1. Give me the log10 of I(q) over I(0) for region 220-423 at q = 0.12 Å⁻¹, as the Debye formula computes it from C-alpha points; what are the numbers?
2. In nanometres, what is the gap between the two model label sites at Leu454 and Tyr63, each 7 Å from Cα along Cα-to-Cβ?
3. Can you work out the Karplus-derived ³J(HN,Hα) for every residue in region 380-392? Use 6.51 cos²θ - 1.76 cosθ + 1.60 with θ = phi - 60°, whole Hz, and x for glycine or proline.
4. Return Asp336, Asp298 ranked ascending by Cβ neighbour count within 10 Å, so the fewest neighbours appear first.
5. Karplus couplings for region 103-114 from phi (6.51 cos²θ - 1.76 cosθ + 1.60, θ = phi - 60°), rounded to Hz, Gly and Pro as x?
6. Scan around Ser352 for amide H atoms under 5 Å from its own, H built in the peptide plane at 1.01 Å from N, and keep only partners 5 or more places away or cross-chain.
7. Once amide H atoms are built 1.01 Å from N in the peptide plane, which residues 5 or more positions from Phe54, or in another chain, come under 5 Å H to H?
8. Take the Cβ-Cβ distance between Leu362 and Gln433 as r, set R0 to 45 Å, and report the resulting FRET efficiency rounded to the nearest 0.05.
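What follows is calculated from the coordinates using simple rules that are stated; it is not laboratory data. Just so you know, these numbers come straight off a predicted model, no measurement behind them. Counting neighbours? That spans all protein chains shown, and the Cβs are built from the backbone with ideal geometry, glycine included.
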Amino acid sequence: VEVFALIPSLLLVQLFRRLRSRRQQLSPLRQALYLMKSNLEIKNENKQKLRRTFPWWCIFIAYGLCILFAGLSIIFIIARGIEFGDDKTQKWLISILSGFFSSIFLTQPLKIISLAIFFAFFCRKPNDDKEANEYLNDDQFALDEDEEYLHSIKNKFLFIYRSPVRANRLNQDEIISARDRRLKEVYMWSILREIFIYICFLSLLCIVTYSNHHPNAFLQVNHLRKYFLNSDYKKISTINQYWNWLENSFVENIHAQQWYNGDAARNLSGYINDKSNRLIGWVTMRQLRLKSQSCQYDYSSSNEDKQSYQPGWLNETIETYSLSISQSFQYQSSKDLDTYTYVGDHGSYPGSGYIYEFRGRLSDLQSNLSQLHTLGWIDNQTRAVIIELSLYNPNAQLFTSGIFLMEILSTGGMYPSARFEPMNFDAFTSTFQLISIFVYMIMILYFIWIEIRLLKKLKWNYFQRCWSYIEIGIIVCSWTSVVLYIWRYKECKRIGKLFKETNGYVYINLQLASYVNDILTYLFAFCCFF
């Protein structure tokens, strides 16, 4: 590919090199002398003209060819990407990026050095640069007797001496004014360059940040809140009201039932009753309770009950119950359950506790919930009931972690809350998003280089600047975001593989992925804010 692209590239470069200027160019030396002396005499008797050049209007043809080559390349990449499919396109994109880096750091430098050596030794003669001669050395300048051109001793015959004329020199005030003006120009251009760089950086940051969020995430959360959080849930104030919501509203919503016209919900096994979101595994209900001998305090890790009981919170078995009922009175640690701490409005609750799994048919679930209600599974010792479910919406390609928390205070008050966290595991999969995050990380490397230069220049004074800490924070947050994104990408692959192998009939807790997704959002928010 490099060999095939070399010949058109050389032809295009030669086309740009051999374009004649639309107006005659003046060398910097001639412009300076012309500004100093209005009576400057210029002789162009021995002027050499550049041969085999193209008219100035050929520049439009050259730029048209550039746009044509770029457009054909883009069309070819898009067409082949559609033809290859997702997997082959990703591999092909990786090969293109690796080829791009190899061209920048290896093949292109070697090509330039090799061509420069070849033309220097075999194709050019010393002092035979016709473009330079036409631009610099073709004019004869008339100088006074008190003036001498010190940069070209060999070509003194080019200059014509006149009668002495007093030189017009700048005074001290004019020199200071000119110096200040030049410093202001340099400072102005540095500010404009910095503003342009930060505008580009902010644009890339916004692209990367919004690419991390799915456009249907709000609609998904809004739908689930309307679907689950009805007026019955929001008005719960007693334990009996909570059981009534569980046995009627909630348990019916997590199982696909008949359609609106009475037809059976075929091929919707595992879906909830909205028939668009599928459960990953099953729903779990976990409670945290206090020790029986303790006073009526609010929940804390020191007074948490960690003993296992028989149904009814008894130490001995009186009746025989199903396995799911018996296990709901057995204490399990967070390591066994693969759950993590959840922060509520009135406290933080670890991932351990007594758990009941909503597994089986709808009639069995309703019967089990009725038995748990009768056995007093939620009583005065209970301080938190946490319901966790994981959903996947194949239409929007969104995973959602849902948590229903019921906090029961020592005063008897009950405070229901819920949180739905949508996760877009397919972020940064398009070509444009990958290029954006790649350019964004290049700019982060550029900022690192700038901060290192400032640190060497300012020494310890660097840490006395407020913006130094902000720049360091942006750099650290950016690299941390890359690490978290790589972890989230691997987690997505693991969840997808497990979901495919088990057809969605294994419990997968998305709580850790939800926390990491929140941290990723906070890091991007910090970068955007500053």
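1. -0.62
2. So the label points at Leu454 and Tyr63 sit 3.7 nm apart.
3. Here the 3J(HN,Hα) series is 5, 7, 6, 10, 7, 10, 10, 9, 10, 9, 10, 10, 9 Hz.
4. Working: Asp336 11, Asp298 14.
Result, fewest neighbours first: Asp336, Asp298.
5. 5, 5, 9, 10, 5, 5, x, 5, 5, 5, 5, 5
6. So Ser352 has HN proximity to Ser334.
7. Leu19, Arg20
8. On the way: r = 42 Å, r/R0 = 0.94.
After rounding to 0.05, the efficiency reads 0.60.
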